[in-house]
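Following: one structure in structure tokens, then a few remarks.
None of the figures in this text is laboratory data; all of them are computed from the coordinates on show. This one's a predicted model, so the numbers in the text were calculated from it and none came from an experiment. Note that we place each Cβ from the backbone using ideal geometry, even for glycine, and neighbour counts take in every protein chain shown.
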Amino acid sequence: MNFFRTALLLAALTGFFLVVGYVLGGQTGLILALFVALAMNLFAYWNSDRMVLRMANAHEVGPDQAPQLYGIVEQLTQRAGLPMPRVYVIDEDQPNAFATGRNPQNAAVAATTGLLRNLSREEITGVIAHELGHVKNRDTLTMTVAATLSGAIGMLASFGGLMGGGRDSDGRPLVSPVAAIAAMFLAPLAASLVQMAISRSREFEADRMGAEISGQPLWLASALARLDAGTHQIPNRAAEANPATAHLYIANPLSAGGMRGLFSTHPPMAERIARLQVMAGQAPQQSYPSSAATAAASRARGPWG
């Protein structure tokens with residue numbers, strides 16, 4: 001059922017791409033969009049992870065460059081029974097992280113410098129366990145391909161809207177300028193709605209899996225509270241420049257400002273934290289949780305949260 005649902009959602013994204021092609025270029029635009037969509041799906045399968053990492057300005061690190069992060073990833077992959085993924089660091093002050101790759105054998109985990117600076121070791125462990133939950137559930141391919149297709153839909157719609165749509169053999173517009181402009185705004189919004197459908201349920205499952213991998217649900221709960229505060233206060237330049245990648249991150253990177261943050265691809269943070277509290281045997285609290293150890297470390301390591 002999960003595979004069928006995923007295939008249906010990706011087919012919907014491809015369908016949006018074809019519709020935009022038809023609206024902006026008629027039958028010729030539809031045929032061209034079909035070939036482009038097929039080529040993009042094939043290209044995205046093999047290369048979308050590298051594209052996403054490049055868009056995030058991530059650089060690969062080893063045990064010498066980032067010993068704590070690399071050690072946490074290594075320890076958790078052993079606990080999860082996964083191959084060791086590539087490890088990346090993103091030079092962004094916003095605390096955040098994501099995983100990518102077409103399968104567990106070709107996975108990568110990326111964390112921002114803001115996350116490494118401002119979270120405790122326990123909280124970082126919770127975040128990385130969440131990302132490895134995505135890898136174990138094989139979410140990374142779906143989410144990365146969705147980012148690639150959504151970005152392409154946005155670019156195609158913007159280009160077509162600016163050009164005013166296609167024309168027929170007599171030189172008459174296939175669509176009115178108003179319709180072309182509407183497509184420029186509505187097509188990316190529709191793609192974002194599909195991204196939301198792909199991402200939201202997967203975040204809950206990755207939270208659950210991550211808590212099982214680390215063995216400490218409250219470590220992740222504490223980290224999510226810190227990330228929620230940090231993402232609202234600190235912008236993520238790379239994500240703002242490439243909003244189609246927002247759903248890849250553990251916390252919405254667009255929350256720091258702008259209208260795009262209103263269309264969150266993530267479930268409410270309070271609900272995610274409450275579910276982790278229940279996993280830890282606690283009653284859900286009104287305020288964000290933190291164990292005594294992680295709370296003390298959080299206050300010492302960062303100005304917010």
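The table below lists the values:
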{"read-out": "Over the stretch 35-136, relative contact order from alpha-carbon pairs under 8 Å, at least 6 apart, %", "value": "25 percent"}
{"read-out": "Packing-based order for 87-99, 49-61, using average beta carbon neighbours within 10 Å, highest first", "value": "87-99, 49-61"}
{"read-out": "Contour minus Cα-Cα distance for Trp46 and Ala270 (0.36 nm per residue)", "value": "77.1 nm"}
{"read-out": "Derived scalar couplings ³J(HN,Hα) [the stretch 267-272; Karplus, 6.51 cos²θ - 1.76 cosθ + 1.60; whole Hz; x for Gly, Pro]", "value": "x, x, 4, 4, 5, 4"}
